[in-house]
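Student: One structure follows; several queries about it will come next.
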Amino acid sequence: MSRIGKRPVVVPGGVTATIDAGTLVVKGPKGTLSMGLSDDIDYRVEDGSISVQPANDSKRARAFWGMQRTLVSNLVEGVTEGFTKTLEIAGVGYRAQAQGRKLKLQLGYSHDVELDVPEGVEVKTPDQTTVEISGIDKQAVGQFAAEVREWRKPEPYKGKGIKYRGEYIFRKEGKKK
C-alpha cells in the first residue's frame with residue numbers, strides 16, 4: 001500500500017478541480033494547469049479534495065499510485081502558491097542578467113550564453129550572482145533551472161559554477177608538493 005497515495009489532496013478555497021475526457025483541470029488564482037489521467041488509476045473529486053486510488057490490483061497500478069497522487073498535489077500547489085528555484089553563481093567574472101524573455105549568462109566562455117525563457121516560467125536576477133526561476137508548473141521550472149545549471153556545474157576544487165541555493169558542493173583538496 002502506498003502511504004503517499006492513501007492521503008487525499010486537499011483543494012483549498014478559490015481552487016476548482018474538474019475531470020473531463022481523461023484530463024484533470026485545476027484552476028486557481030495563479031492560473032490553470034491540466035494533466036492527462038492514467039487508465040490504471042481512479043481519480044475522484046469530492047468535498048474539497050481529490051482522491052487517487054488504483055483501478056485494479058496490477059503491479060503497474062500500484063507503482064503509479066503514489067506518483068500520480070504527487071503529480072495531482074503539484075498541480076494544486078502550483079495554482080495556489082507556485083514554485084521557485086534559486087540558483088547561485090560563484091566564480092570571478094561569472095554573472096547573470098535577465099533581459100525580457102532571455103537570460104544572459106557570462107560564464108567564462110569566449111561568448112555570452114543567451115537562453116530563451118520558456119512560456120509559463122519567469123526569471124528574475126535580484127543581483128548579478130543570483131537567478132530566481134519561478135512559475136506554476138513544477139516540471140517546467142525544474143527543467144529550466146537544470147538547463148541553466150548545465151552550462152557550468154559547480155566544480156569540487158574552487159566551487160566555481162552554478163549551484164542551487166542550499167546545495168552542498170563536496171570540496172576536494174588540491175595538489176600537494
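The values are calculated or read from the model by the stated rules, or taken from the named source; none is laboratory data. Keep in mind it's a predicted model, so treat the numbers as computed, not measured. Here the Cβ is made from the backbone with ideal geometry for all residues, glycine too, and neighbour counts use every protein chain on show.
Student: Considering (1) modelled with pLDDT under 95; (2) assigned by TED's automatic domain parsing to the domain that holds VAL121, say which one GLU88 fails and leave the rest.
Tutor: Here GLU88 meets the rest and fails (1).
Student: Collect the residues in the stretch 26-41 that are surrounded by 15 or more Cβ atoms within 10 Å (Cβ to Cβ), out of contact with any Asp or Glu (no Cβ under 8 Å at 6 or more places or on another chain) and not basic (Lys, Arg), keeping them in residue-number order.
Tutor: Within the stretch 26-41, VAL26, GLY28, MET35, LEU37, SER38, ASP40, ILE41 qualify.
Student: I would also like to ask the following. Could you tell me whether ARG69 is crowded, with 19+ Cβ neighbours inside 10 Å, in contact with a Gly (Cβ under 9 Å, 6 or more places away or on another chain) and either assigned to a strand (DSSP E or B) or outside the structural domain of VAL141 (by TED's automatic domain parsing) (or both)?
Tutor: It is true that ARG69 is crowded, with 19+ Cβ neighbours inside 10 Å, in contact with a Gly (Cβ under 9 Å, 6 or more places away or on another chain) and either assigned to a strand (DSSP E or B) or outside the structural domain of VAL141 (by TED's automatic domain parsing) (or both).
Student: If I go through the stretch 20-59 residue by residue, how many of them are of a type in the set (A, V, I, L, M), assigned to a strand (DSSP E or B) and closer than 14 Å to LEU71 by Cβ?
Tutor: 8
Student: What number of residues within the stretch 1-60 satisfy the criterion of being among the small types (Gly, Ala, Ser) and within 28 Å of GLU122 (Cα to Cα)?
Tutor: The total comes to 7.
Student: Turning to a different aspect of this structure: Within the stretch 1-19, can you find the residues that are over 17 Å from GLU81 (Cα atoms), of a type in the set (A, V, I, L, M) and outside any loop (DSSP other than H, G, I, E, B)?
Tutor: If the condition is that a residue be over 17 Å from GLU81 (Cα atoms), of a type in the set (A, V, I, L, M) and outside any loop (DSSP other than H, G, I, E, B), then ILE4, ILE19 are the ones that fit.
Student: Moving on to the next point. Filtering the stretch 120-177 down to residues that are aliphatic (A, V, I, L, M) and either in contact with a helix residue (DSSP H, G or I) (Cβ under 6 Å, 6 or more places away or on another chain) or surrounded by fewer than 14 Cβ atoms within 10 Å (Cβ to Cβ) (or both), which residue is nearest to ALA96 (Cα to Cα)?
Tutor: Looking at residues that are aliphatic (A, V, I, L, M) and either in contact with a helix residue (DSSP H, G or I) (Cβ under 6 Å, 6 or more places away or on another chain) or surrounded by fewer than 14 Cβ atoms within 10 Å (Cβ to Cβ) (or both), I get ILE162.
Student: In the stretch 65-80, how many residues are farther than 20 Å from ILE136 by Cβ and either touching a strand residue (DSSP E or B) at 6+ places or on another chain (Cβ under 6 Å) or modelled with pLDDT of 95 or more (or both)?
Tutor: The number of residues fulfilling the criteria is 1.
Student: Further question: Considering only the stretch 131-177, how many residues are among the charged types (D, E, K, R), part of a loop (DSSP other than H, G, I, E, B) and under 24 Å from VAL113 (Cα atoms)?
Tutor: Going through the stretch 131-177 one residue at a time, the tally reaches 7.
Student: Cβ-Cβ under 9 Å, sequence separation 6+ or interchain: first residue in the stretch 137-156 and closer than 27 Å to GLU81 by Cβ, partner in a loop (DSSP other than H, G, I, E, B) and aliphatic (A, V, I, L, M). Which pairs?
Tutor: Here the result reads PHE144/VAL117, each pair linking the stretch 137-156 to a residue that is in a loop (DSSP other than H, G, I, E, B) and aliphatic (A, V, I, L, M).
Student: Got at least one residue in the stretch 65-72 being closer than 30 Å to THR125 by Cα and not β-branched (Val, Ile, Thr)?
Tutor: Scanning the stretch 65-72 turns up at least one residue that is closer than 30 Å to THR125 by Cα and not β-branched (Val, Ile, Thr).
Student: Could I ask something else about it? What are the residues in the stretch 147-177 that are among the hydrophobic types (A, V, I, L, M, F, W, C), in the same structural domain as GLN97 (by TED's automatic domain parsing) and either at pLDDT below 90 or more than 12 Å from TYR94 (Cα to Cα) (or both), if any?
Tutor: Across the stretch 147-177, the qualifying residue is only VAL148.
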